[in-house]
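The values are calculated or read from the model by the stated rules, or taken from the named source; none is laboratory data. Worth saying up front: this structure is predicted, and the values here are computed from it rather than measured. A quick note on method: Cβ atoms are made from the backbone with ideal geometry, for glycine too, and the neighbour counts reach across all protein chains shown. Only protein heavy atoms, including side chains, enter the accessible area calculation; ligands, DNA and RNA are left aside. Shrake-Rupley method; radii C 1.70, N 1.55, O 1.52, S 1.80 Å.
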Amino acid sequence: MSQRQVQINTELARSALASDVLAIVRRSVAEFNVVNCGTALSRIARAPDGRRLVAREGGDPDVASLLATAAGLVRHHARHVESRQLASLLHACGKLGVGVEAAAELVSAVERATEMHASKFNPQELANAVWGCAKLGVRVDRALVRLLGDAAAASLRRGGAGSGSGSRDEKKKFDWRVDWTAQGVSNVAWAFATLGASAREPGAFAQLFHALFSAIERKASAGAFNAQETANVAWAIAKLGWSPEENTWVGLNFSVATTARFMDGRAIAVTLWAYATLGERPSEDARDALESAARRVAIDSFSRDSLDDGSERERVTKETFRARDVSNIWWAFVTLELAPRDATRIALARVSARILTESPDLTPADVANQSWAIAALEHLESEVDDDDARRRAAHGETRARHSTRHAAATSEWCRAVETAEARLFSFFAQGEGSEKAPFRAEVREKRRVSPSDVSGAMLNVAANSARRARLRRREPSAEEAWRALERAAVALCREREHDKKISPQDLSNIWYAYASVGRVPEANAFAALELATAAASSSFAARHVAAALYAYAKIGFGSETLFGSETDTSSSSHSFLAALDKAAARVAESDEIRDGSCFCRRCAKRDAAEKTRMSVSGPLWTGPLHDAAAVAALAREAEEVDFCGGDDEGRFSGEDGGVPEEHELSSTKGQKASAKELLAAFAAEADPALPPFYRRTDELARAGRGLKHGIPPLDAWIAELQTRGFAACRSHLDARGLKSNAPLDDVVAAANAVAAAKNGGA
């Protein structure tokens, strides 16, 4: 290295801004050696204005000149270049974010030099080089990645992983030439996960993964990873598809439990995402630490805004959640079927509402994720352990007060989702990309709406009772959001571009959402949905046909609102029904129905190896057999005209006390002989909770069905089922008929209980 090159390196090292470094490059790049190139790239990468210069359209010519010079020097001095210089170049390019295309010549030159010097890389250099490759976007199948992977595997196998416990003895023994730091192990794991390698199909990296995972287990168990390293390792394990052994989980849980209090919002989200992706619940200590950290970040984000006096707390608090972080946290809890503690749920709901209201980077997918979380969390019971209850009691907080706070936070969250939906989906419905839309191209791209965004958002409303209730109450934000979603659905139904065309699944989701919410589409929406469904019906699967027909029957067919003077959809309706009729006939004869996919779940559970193919028939009316209001009106009218009168045996009576032949009811046992009894049976069967079928009690008494004491009195049997919380009544069609929504095991248990009570507890 000449005196001039030493002087250049000193000038580069003293430059704080990228513009100063590039000024030196313009003056003296012809005199640079490899060390000067590495120093210049590193200083630009660390400078506050470095990425801005690189990100300029067309790139920066001085940066391009520097990369070309570095590539030429490495190529011409490949035998003499040092491993630390190669690692420094890759690391600096990765940190700068120049991209593999801009650095293509340099990466090729480094690759050829690495073939000669791979065995000379020490652990830190290997970690830096692999990290740089991942940030650059180098393909995982390139020789450079394989060479670095083989070198890392050999280095880890030499016993240089250590425990990294940080103890005084450990530090004395540490040798940077062979020993791996926790950061190095974390970076290598993160890099290969980012590069797209897979532990399930390791290929050329089998030896590396074996050594790397052993190192992770030792480092985690020793508590060597810090907060960011723990999050990176957890994320890498999930992305690589590794299924850790029990000892590794113990170590990871320990690491999470001890470092979570130092994690920022993104690290918390990434760690929870990893647990959920791997299908592994965190230990109680790890979970408590993660939830406590999530509450801290959520509360701190509000603390900043609550302080308007410029206090130190406001200045030093930098932690916050992004929209994607919150979505990942909610997704993880729901996927793990793990309800967050009440305090965590309230804090996250508040920060979610805040993000939805104020985030400038919000996308339709972010809003859809939050809407999905509200719907999914409804099905998870909130866990409040004894310690939690004691803590609340110590602060004078009753359960009722806590529930009030929970409801208030959820209501605020719902309102924020609705406001965001109205804003983003209205933007799309007004004409995405049109000349009238006063938005820049990058804003339009960020707010790009996909069919799944719209159908998913509508389905989420249908799946959540709180949001359905808000619509029923005509809450302004709920109404505005639904109208925006409906307009967006219409726009998608009319879309002709291939990448925006609405799919059969999206159409069936939209139909189902309308039916579940109980809203009748507006005239233009109904016609657009029908036409789009008719056009796509040739691709419909059985589930799509079923969803569309179910929704149409519930909200459309025969509706005076639709077929009256206000909304004439008869033209689109005819084509829609004809198309669905054809699709239904097609799927009825398809393998989807006939390949045995329709089988009795109860029998299948009993003998999964023999899924007996069942006959499929239909259509089947699955709603109430009678309309309760109509039955009640008939009963009143019958009383008024004395139509319920009868003889002593309850049969219809003529003027002479006889029974006219033409009015004689069936004498089949169990047939109701009076209008009063028949209407009473109809009223009982009108319960919407009842199934469309009934069970015969004599069939239930057959051997092997579980009745221990024979058939009990039917009325007592029905009363017992009702006491157990099930709907139950007689069938007017069959004297031995029992209608109930209770599972078969509960029906049998109720019969045995009645019989046992009758027999004195036998």
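Listing for the model above:
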read-out: Residues of segment 12-26 that turn out to be part of a helix (DSSP H, G or I) and either of a type in the set (Gly, Ala, Ser) or farther than 20 Å from Ala71 by Cβ (or both), as a count; value: 6
read-out: Selection status of Arg496, open to solvent by 70 Å² or more (accessible area, probe 1.4 Å) and at pLDDT below 85; value: yes
read-out: Residue selected from segment 706-755 under the condition small (Gly, Ala, Ser) and open to solvent by 20 Å² or more (accessible area, probe 1.4 Å), by the criterion nearest to the chain's Cα centre (by Cα); value: Gly725
read-out: Any hit, segment 87-99, residues being in a loop (DSSP other than H, G, I, E, B) and under 17 Å from Thr114 (Cα atoms); value: no
read-out: Within segment 207-248, tally of residues that are buried (at least 20 other Cβ atoms within 10 Å of the Cβ), of a type in the set (Gly, Ala, Ser) and under 30 Å from the mean Cα position of the chain (by Cα); value: 6
read-out: Test: Leu529 is of a type outside the set (D, E, K, R) and out of contact with any Leu (no Cβ under 8 Å at 6 or more places or on another chain); value: no
read-out: In segment 35-48, residue modelled with the lowest pLDDT [restricted to those that are open to solvent by 20 Å² or more (accessible area, probe 1.4 Å) and either assigned to a loop (DSSP other than H, G, I, E, B) or among the β-branched types (Val, Ile, Thr) (or both)]; value: Pro48
read-out: Pairs with Cβ under 8 Å, 6+ apart, first in segment 449-460 and in contact (Cβ under 8 Å) with a residue 40 or more places away in the chain, second open to solvent by 20 Å² or more (accessible area, probe 1.4 Å) and of a type in the set (Ser, Thr, Tyr); value: Pro451/Ser503; Ser452/Ser503; Leu459/Tyr512
read-out: Selection status of Pro692, closer than 25 Å to Pro624 by Cα, open to solvent by 30 Å² or more (accessible area, probe 1.4 Å), in contact with a Leu (Cβ under 8 Å, 6 or more places away or on another chain) and modelled with pLDDT under 90; value: yes
read-out: Every residue from segment 341-366 that is touching a residue at least 12 places away in the same chain (Cβ under 8 Å), part of a helix (DSSP H, G or I) and of a type in the set (Asp, Glu); value: Asp342, Asp366
read-out: Residues satisfying the stated conditions in segment 249-301, i.e. open to solvent by less than 30 Å² (accessible area, probe 1.4 Å) and part of a loop (DSSP other than H, G, I, E, B); value: Met263, Pro282
read-out: Breaking point among (1) surrounded by fewer than 21 Cβ atoms within 10 Å (Cβ to Cβ); (2) in a helix (DSSP H, G or I); (3) of a type outside the set (Asp, Glu); (4) modelled with pLDDT of 80 or more, for Leu338; value: (2)
read-out: Residues being in a helix (DSSP H, G or I) and open to solvent by 20 Å² or more (accessible area, probe 1.4 Å) - total across segment 54-76; value: 10
read-out: Residues of segment 179-198 satisfying the condition of being surrounded by fewer than 21 Cβ atoms within 10 Å (Cβ to Cβ) and in a loop (DSSP other than H, G, I, E, B); value: Asp179, Thr181, Gly196, Ser198
